[in-house]
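Notes for the one structure printed next.
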């Protein structure tokens with residue numbers, strides 16, 4: 001069987017990055033919950049797994065650095081190093097450097113630059129300093145009580161060797177005392193208890209046979225395999241039992257828990273951890289081959305415990321690790337890694353299938369063949385299910401993006417000297433993977449901006465009667481077929497007068513112009529607009545917010561501000577759930593087709609003749625006592641041709657605001673494949689894209705948010721003038 005090493009390396013890189021993400025999240029949790037052993041164990045296992053996997057590929061740089069990190073984490077686990085802020089900061093820096101090392105591997109032949117090499121050397125030195133720390137948290141060594149003979153060896157922190165040599169050991173030229181001398185070179189023999197219980201009567205004794213048993217209390221840093229190796233030459237026909245110190249039992253359990261979750265047999269887990277020797281395992285397996293009186297073979301774990309080869313607690317830990325490995329394997333089997341390009345190709349093919357299906361439907365209707373219409377109807381339903389299934393493959397929870405800001409908030413708040421808490425809600429809200437990838441940078445700028453400009457210093461907050469600790473909130477939820485993302489802070493709010501003054505200075509506002517608060521706040525999205533008094537690492541260069549808005553608009557989204565002086569600011573971003581295929585509602589004006597996103601459509605109303613005449617004087621409609629601003633598409637897009645004898649209003653809603661789109665004909669629901677417009681049409685208001693109809697003609701997709709906003713602004717101006 002051949003193995004594609006390049007593919008295996010790519011898998012290692014992907015898994016290493018996932019483990020590093022988990023490691024970062026765990027470290028951030030550890031800072032607020034330093035006594036949580038489960039979190040500490042998770043961090044250690046992440047480093048241990050990366051080191052082990054990197055070793056398989058000979059990635060010495062990754063292995064060498066991660067080994068030092070692992071050693072520090074091991075001392076954290078056993079309590080030798082207390083958890084405090086500086087250590088967590090160092091481990092976070094180490095995590096970043098490990099990510100840098102993995103990126104070098106991903107570059108295939110890339111090397112660390114001089115700055116990275118200096119950083120590597122400095123981090124290693126800081127980590128090495130922690131490895132030499134001795135604190136009162138270190139586990140104390142229990143001094144054993146030594147018995148001269150027949151004593152109880154329990155309660156000690158020494159190895160216990162139970163030895164029953166082959167009776168003919170002396171005839172074979174071996175002297176039991178020589179083994180004790182050799183043991184003495186490896187550690188300290190605390191006590192030897194001789195057991196004469198197998199001695200026969202004097203008249204039956206053979207002076208060349210060994211009848212004595214030995215119970216040895218032995219203190220050494222050697223592992224079980226090394227100690228067992230002393231008796232390799234006499235193991236056959238002898239009974240050699242080696243029980244570890246109490247401290248070793250806990251160590252075995254921890255080692256078992258930290259092992260990679262591979263599918264291994266019980267015996268292999270115990271041997272890998274060092275709790276069992278290979279010879280003891282073979283003896284246990286041999287004993288398992290002989291069934292009891294009922295014909296049943298006892299479990300291997302029970303046999304090993306009965307043989308005093310291993311402790312019950314260690315066997316239980318190994319069984320739990322086995323169970324975890326099976327569960328992990330089961331979870332892994334439910335997932336398949338798919339390259340993003342292949343997924344995009346699938347979505348494109350589904351889009352073409354949708355267009356082809358619409359064409360087949362149209363032909364069936366023209367042919368007036370009921371059987372053909374039924375067949376194409378079934379095909380359309382299946383295509384719709386395939387479309388929904390394909391789109392779900394690209395849907396990911398936004399919580400993965402939100403969680404990255406835990407680290408950002410921690411680092412930036414320390415840089416600013418502020419105490420800021422991040423609260424996340426709606427993390428399970430899903431949206432298209434493409435949208436998630438492109439929204440990361442705008443969110444990053446808004447979060448940093450909120451911490452720098454929005455949240456005040458602890459002194460100012462206390463003076464204003466607030467808590468010293470500021471709060472930043474990230475929230476996401478679905479609303480009318482779109483996703484809303486809110487970035488809120490409980491800071492001082494936007495300075496309305498200062499923004500207006502800056503707008504006047506830059507000529508963005510005329511001296512006699514009257515603006516609403518909403519319009520004033522939106523000035524900060526103008527290119528180069530900044531009210532910062534000083535340039536810092538975070539702000540004050542007059543760039544950023546205009547780019548944020550431009551990137552969001554490029555995703556067919558919108559951004560708005562809401563601020564209250566002294567209470568804080570909320571930035572609300574609205575984005576489409578997907579950029580590929582949507583359910584649309586097809587309408588027409590003269591011979592031009594337009595598609596309205598179906599999830600924004602509330603109802604359709606046919607205009608009466610009196611209402612049509614009234615539209616010449618006013619741009620709104622009385623809809624059951626509610627004022628509904630209208631947007632006549634014929635006027636908006638300057639469509640030539642005579643007016644239709646009948647007109648309809650499509651009532652749409654976005655962000656809580658309603659508007660009516662005046663059209664000629666309603667043509668019904670339509671699966672819409674979104675095709676981007678060229679650069680020539682990028683600034684065309686009211687249009688967000690295009691699609692291809694079953695006839696092969698092009699229909700424009702309406703930008704409902706901008707049309708609704710346009711209608712609301714027109715209504716507001718009329719109200720102000722009145």
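Laid out as a table, the results:
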| read-out | value |
| --- | --- |
| Over the chain, relative contact order from alpha-carbon pairs under 8 Å, at least 6 apart, % | 7 |
| Prolate/oblate/rounded call for the range 397-576, Cα gyration tensor, a/c under 1.5 rounded | oblate |
| Relative contact order (%) - criterion: Cα under 8 Å, at least six apart; region: the range 5-131 | 29 |
| Cα-based helix-to-principal-axis angle, 312-333 vs the chain, degrees rounded to 10 | 30 |
| Spin-label proximity, residue 170 to the range 202-219 - amide N less than 12 Å from point 7 Å beyond Cα toward beta carbon | 205-212 |
| FRET efficiency estimate (nearest 0.05) - Cβ-Cβ, residue 114 to residue 337, R0 45 angstrom | 0.80 |
| Residues 604, 210, sorted so that the one with the fewest Cβ neighbours within 10 Å comes first | 604, 210 |
| Part-to-part distance (alpha-carbon centres) for the range 12-84 and the range 405-481, which is given in Å | 27 |
| Tensor-based shape of the chain (alpha-carbon gyration tensor, a/c under 1.5 rounded, otherwise prolate or oblate) | prolate |
| Footprinting exposure proxy for 396, 72, 190 (fewest neighbouring C-beta atoms within 10 Å first) | 396, 190, 72 |
| Mean Cβ neighbour count within 10 Å, used as a protection proxy, ranking 373-379, 38-44 highest first | 38-44, 373-379 |
| Prolate/oblate/rounded call for the range 418-501, Cα gyration tensor, a/c under 1.5 rounded | prolate |
| Potential extension, residue 591-residue 612 segment - 0.36 nm per residue separation minus Cα distance | 5.5 nm |
| Spin-label model distance (nm) - residue 32 vs residue 646, 7 Å beyond Cα toward Cβ | 6.0 |
| In degrees, nearest ten, helix 114-131 long axis to first principal axis of the chain (Cα) | 50 |
| Full-stretch length increase - residue 188, residue 84 - with 0.36 nm per residue and alpha-carbon distance subtracted | 33.7 nm |
| Listed peptides 700-711, 170-181, 218-229 by packing density, highest first (mean Cβ within 10 Å) | 700-711, 218-229, 170-181 |
| Rounded to 10°, Cα long-axis angle of helix 278-288 versus longest principal axis of the chain | 90 |
| Packing-based order for 388-395, 75-82, using average beta carbon neighbours within 10 Å, highest first | 75-82, 388-395 |
| Extension gain from residue 237 to residue 313, taking 0.36 nm per residue of separation minus the Cα-Cα distance | 24.5 nm |
| Relative contact order (%) - the range 340-394, alpha-carbon pairs under 8 angstrom, separation at least six | 50 |
| Per-pair calculated FRET efficiency, R0 = 22 Å: residue 680 and residue 547 via Cβ, rounded to 0.05 | 0.50 |
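Every number here is computed from the coordinates shown, using simple stated rules; none is lab data. What you see is a predicted model, and the numbers here were worked out from it, not measured in a lab. Neighbour counts are summed over all protein chains in view; Cβ atoms, including those assigned to glycine, are modelled from backbone coordinates with ideal geometry.
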